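The values are calculated or read from the model by the stated rules, or taken from the named source; none is laboratory data. None of these values were measured; they are calculated from a predicted model. FYI the Cβ positions are ideal-geometry reconstructions off the backbone, even for glycines, and counts take in every protein chain you see. Areas reflect the complete protein model, heavy atoms only, side chains present, ligands, DNA and RNA absent. Shrake-Rupley method; radii C 1.70, N 1.55, O 1.52, S 1.80 Å.
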Amino acid sequence: MDLFLVVLLVVLAIFLFSSVRVVRQGYVYTIERMGRYAKPAHPGLHIIVPLIDRVGHKINMMEQVLDIPGQEIITKDNAMVGVDAVVFFQVLDAGKAAYEVSGLYNAIMALTTTNLRTVMGSMDLDETLSKRDEINAKLLVVIDHATAPWGIKITRIEIKDIRPPADISNAMARQMKAEREKRAQILEAEGERASAILKAEGLKQSSILEAEGRKESAFRDAEARERAAMAEAEATRVVSEAIASSGTQALNYFVAQKYVEAVSDFATSPNAKTILFPVEATQLIGSLGGIGELVRDAVNPPPPANPPAARQPTAARPGSAPSVPRTYGD
């Protein structure tokens, strides 16, 4: 009897232990009853009926990354390129992911590989290299639609690497170098053009300013000549009035003044060592005497009187230049 109770307790403990299931966070277990899918078991503690219920699949509900191995793809223009990709997906329905497809990871990998060949095979090499975002978007739409019955969601597809052939890579490098040299030459030509334009603008402005300067200088010269002419005319007018008012005395004064200045210039000239006068020296003395008489008459004017008789010219000495007769007025 005691042995029977011990065995019963052991069987009961095993039964209780096998009926308790703890599901970890991030996973969902599928519960099968008599070999048929019954319900999902979410994270936490669950009680099942031993020998009737069992855990069928442990489904990872977290977002997962599936690495797609490198593929050799022929593009539209018959270029062979190597492509690597990654797929990000998440299981939304554990029952469908467990029982709607056999080998979920292999199915996603095969579906991605075939669609990758289809999408990139319809594009040129240049398009495959420059339109990665477009390729990713097309693959995402197609594969997400195809895997929807499996209870999963394709969140992202990324092309990791595209490897063109070596000869095409060399040709692309030469093309890039030629394109950069072309742009450099264009920029250099544009710089020279801008420099020539700036130089021409500078010469134009310089010519305009120079012409304006010559114009202003001509105006100033004309104004100076006009003022000089006015001053000369004024001086002539004053001299004329002086001659008209004082008779020949003022004229003799001016003549004597110019005569003295000319003789002084002859005396101070560095090239003149010998001075030859074309007239007698007495004429200079007579002119100086005329200047003295003018000054004396200006200080002490003489009383009015009859004009004196004209002096007779002195006879010239033999061998000398004839003297010029001088007449002095009052």
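Key figures for this structure:
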| read-out | value |
| --- | --- |
| Pairs, first under 28 Å from Tyr105 (Cα atoms) and aliphatic (A, V, I, L, M) in region 150-172, second open to solvent by 50 Å² or more (accessible area, probe 1.4 Å) and part of a strand (DSSP E or B), C-beta under 7 Å, six or more apart | Ile152/Gln90 |
| Test: residue in region 59-71 that is touching a helix residue (DSSP H, G or I) at 6+ places or on another chain (Cβ under 6 Å), crowded, with 18+ Cβ neighbours inside 10 Å and not in a strand (DSSP E or B) | no |
| Met176 surrounded by 13 or more Cβ atoms within 10 Å (Cβ to Cβ) and part of a helix (DSSP H, G or I) | no |
| Given (1) within 30 Å of Thr113 (Cα to Cα); (2) surrounded by fewer than 16 Cβ atoms within 10 Å (Cβ to Cβ); (3) touching a residue at least 24 places away in the same chain (Cβ under 8 Å), index of the condition Val91 fails | (2) |
| Residues satisfying the stated conditions in region 72-97, i.e. polar (S, T, N, Q), on the phi < 0 side of the Ramachandran plot and not in a strand (DSSP E or B) | Thr75 |
| Scope region 1-48; condition part of a loop (DSSP other than H, G, I, E, B), open to solvent by 80 Å² or more (accessible area, probe 1.4 Å) and touching a residue at least 12 places away in the same chain (Cβ under 8 Å); matching residues | Arg24, Gln25, Met34, His42 |
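To keep it simple, each residue is scored yes or no on (1) part of a helix (DSSP H, G or I); (2) modelled with pLDDT of 90 or more; (3) surrounded by fewer than 17 Cβ atoms within 10 Å (Cβ to Cβ).
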{"position": "Thr112", "(1), (2), (3)": "yes, yes, no"}
{"position": "Leu116", "(1), (2), (3)": "yes, yes, no"}
{"position": "Glu127", "(1), (2), (3)": "yes, no, yes"}
{"position": "Leu140", "(1), (2), (3)": "yes, yes, no"}
{"position": "His145", "(1), (2), (3)": "yes, yes, yes"}
